[in-house]
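Data first, discussion second: the structure below is written as structure tokens.
The values are calculated or read from the model by the stated rules, or taken from the named source; none is laboratory data. Since the model is a prediction, treat every value here as computed from it, not as a measurement. With ideal geometry, Cβ positions are generated from the backbone for all residues, glycine too; neighbour counts draw on all protein chains shown. Accessible surface is based on the protein model in full, side chains and every heavy atom, while ligands, DNA and RNA are left aside. Shrake-Rupley method; radii C 1.70, N 1.55, O 1.52, S 1.80 Å.
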Amino acid sequence: MTAQAVREGLIAAGYRAAVECRLAELTAERIAAAAGLDSREFPAHFGSLKEYLLALQQHFLDDLRGKIVVATMHSAPGAERIRAATMAFLDGCLAQRPLRSWLIELRATDPEVFDMLVKRNAVYTQLLRIEFESMRMPHAVESARLFFVMTQETALAEHDAGQVLADMRETMLVFLKVAA
Amino acid sequence: MSKAEAAGPDIRRALLAAGKQLAERGEKGISAESVSAEAGLQGASLGQHFQTLSHYLGCLVEAILDELRDEITAETAKLPQGLARVQRSMESYLEGNLCRPHLRSLMATHRFDPVVAEVSRRRTYGYGMLMNMEFAGIGTPFPAAAGRLCAVMAVETAIAEHEAGRRLPDMREALYAFLWQLRKQ
């Protein structure tokens with residue numbers, strides 16, 4: 001098995017382990033066992049549990065971005081594409097609720113994990129700005145920042161509720177009518 | 001009640017006032033020693049009145065947020081219920097944050113402190129609940145959702161203005177545009 005395949009196996013094991021245990025119970029041994037590896041192999045692929053968790057978050061964020069791309073690739077710029085992207089973002093977050101529990105906990109306590117998220121969110125905010133500009137939304141830069149913070153809050157509310165919250169989604173999409 | 005017990009609340013207040021002064025001066029590393037020294041008390045005082053430094057910082061942030069809340073209440077309590085009052089409360093919240101840069105600095109510096117983070121989360125939730133009641137009173141669809149979203153948007157605007165060190169009229173306008181759009185649903 002290639003090193004890349006082993007790494008991918010360990011990352012996939014993280015998603016499964018998140019269903020079964022809390023972050024505080026996570027160990028390199030547990031991940032290795034879930035991936036069918038000897039725990040002594042873990043450090044060769046991830047130097048530490050922290051490095052592994054950073055890679056896991058990166059994987060989650062990349063996967064989420066991929067879902068958004070698929071959901072929007074045939075849409076023209078504008079409100080409908082933002083709506084599709086937002087729904088893909090929210091659905092993607094909810095679909096990985098166990099892993100998100102780990103990541104939410106980590107982001108609240110680990111500056112490195114938090115910074116990685118801030119950087120990715122800055123990309124989303126820039127993309128939103130471009131969409132808002134195409135819609136001639138007033139104050140596109142500021143609107144993008146506000147819209148994204150609503151998206152994050154809705155994702156958090158749905159995470160806590162364990163289900164889609166249609167009221168939150170509908171209310172946040174009212175923002176797009178400002179440009180209409 | 002013993003003399004020590006009677007003095008307790010006063011000492012707590014003195015320690016919180018000292019922390020506020022340190023924060024206002026832009027002191028980055030607030031410690032038990034620096035707070036006690038600022039208050040003119042012995043080094044061990046903080047530990048006698050607050051469970052941990054983390055709890056002290058949580059109380060400090062809460063005390064500053066209480067001031068802000070009281071200001072907003074004083075400015076809006078006599079206004080008629082409606083979106084204009086919600087906007088006025090947001091305006092007051094943003095102005096209150098701008099004239100207290102130490103509040104946002106404290107919250108940012110101690111972002112990863114669980115007690116400070118919990119205070120921040122709880123207050124934003126409370127702010128959202130107040131707006132929920134306002135929205136429910138004027139028949140806005142999904143008032144709880146509207147309240148929660150407006151609260152985080154107001155907080156985000158306050159953070160942006162703190163980062164910029166000035167009012168951001170465009171961001172406020174975007175925030176208020178959403179607020180008034182809620183009425184038109």
> Do you know the Lys pair count in the protein assembly as shown for C-alpha distances under 30 Å, with sequence separation 8 or more or different chains?
Replying inline: 12
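Taking the Cα centre of the stretch B:19-170 as origin and charging only Cβ (+1 Lys, Arg; -1 Asp, Glu), how large is the dipole, in debye to the nearest 20?
Dipole of the stretch B:19-170, to the nearest 20 debye: 260 debye.
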>> Counting each pair of different Cα atoms once, what's the Kirkwood radius of the stretch A:90-180 in Å, rounded to one decimal?
In response: 14.1
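Using a 10 Å cut-off on Cβ to Cβ distances, tally the other chain neighbours for every residue of A:126-139 and report the average as a whole number.
Counting Cβ atoms of other protein chains within 10 Å of each residue's Cβ and averaging gives 1.
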> For the stretch B:55-133, what number results from the quotient of the Cα radius of gyration and 2.2 N^0.38 Å?
Replying inline: 1.13
> Ranked from highest to lowest mean number of other Cβ atoms within 10 Å per residue, what is the order of the peptides B:127-133, A:117-123?
Replying inline: B:127-133, A:117-123
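Find the Cα radius of gyration of chain A, compare it with 2.2 N^0.38 Å by division, and give the number to two decimals.
1.15
In the stretch B:90-185, which trypsin sites (Lys or Arg not before Pro) are in a loop and have at most 12 other Cβ atoms within 10 Å, using DSSP for the loop call?
B:R166, B:K184
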> Just A:L90, A:L49, A:L64 to compare: in a GNM of chain A, with alpha carbon springs under 10 Å, which one fluctuates most?
Replying inline: A:L49
>> I need the shape label for the stretch B:86-185. Rule: rounded when a/c is under 1.5, else prolate if a/b > b/c, else oblate, with a, b, c from the alpha carbon gyration tensor.
In response: oblate
> Projected area of the protein assembly as shown, taken from the Cα convex hull and averaged over every viewing direction, in nm²?
Replying inline: 22.4
> If you roll a 1.4 Å probe over the heavy atoms of the protein chains, what accessible area per residue do you get for the stretch B:85-185, in Å²?
Replying inline: 42
>> How large are Rg and Dmax for chain B when calculated on the C-alpha trace, in angstrom?
In response: 18.5, 60
>> Taking each residue in B:144-153, count the Cβ atoms of any other chain within 10 Å of its Cβ, then average. What number comes out?
In response: 6
> Can you work out the FRET efficiency for the pair B:M133 and A:K177, with r the C-beta to C-beta distance and R0 = 22 Å, to the nearest 0.05?
Replying inline: 0.35
> Which ³J(HN,Hα) values, rounded to whole Hz and listed in residue order, are derived for the stretch A:151-159 from phi using the Karplus coefficients 6.51, -1.76 and 1.60 in 6.51 cos²θ - 1.76 cosθ + 1.60 with θ = phi - 60°, glycine and proline given as x?
Replying inline: 5, 4, 5, 5, 4, 5, 4, 5, 4
> Other chains near A:165-178: what is the mean number of their Cβ atoms within 10 Å of each residue's Cβ?
Replying inline: 6
>> Compute the orientation-averaged projected area for the stretch A:68-122 from the convex hull of its Cα atoms and round it to one decimal in nm².
In response: 4.3
> Counting only protein heavy atoms and using a 1.4 Å probe, what share of the accessible area of chain B belongs to carbon plus sulfur, as a whole percent?
Replying inline: 55
> For the stretch A:46-94, what log10 I(q)/I(0) values come out of the Debye formula at q = 0.25, 0.27, 0.32 1/Å, with one point per alpha carbon and no solvent?
Replying inline: -0.83, -0.91, -1.08
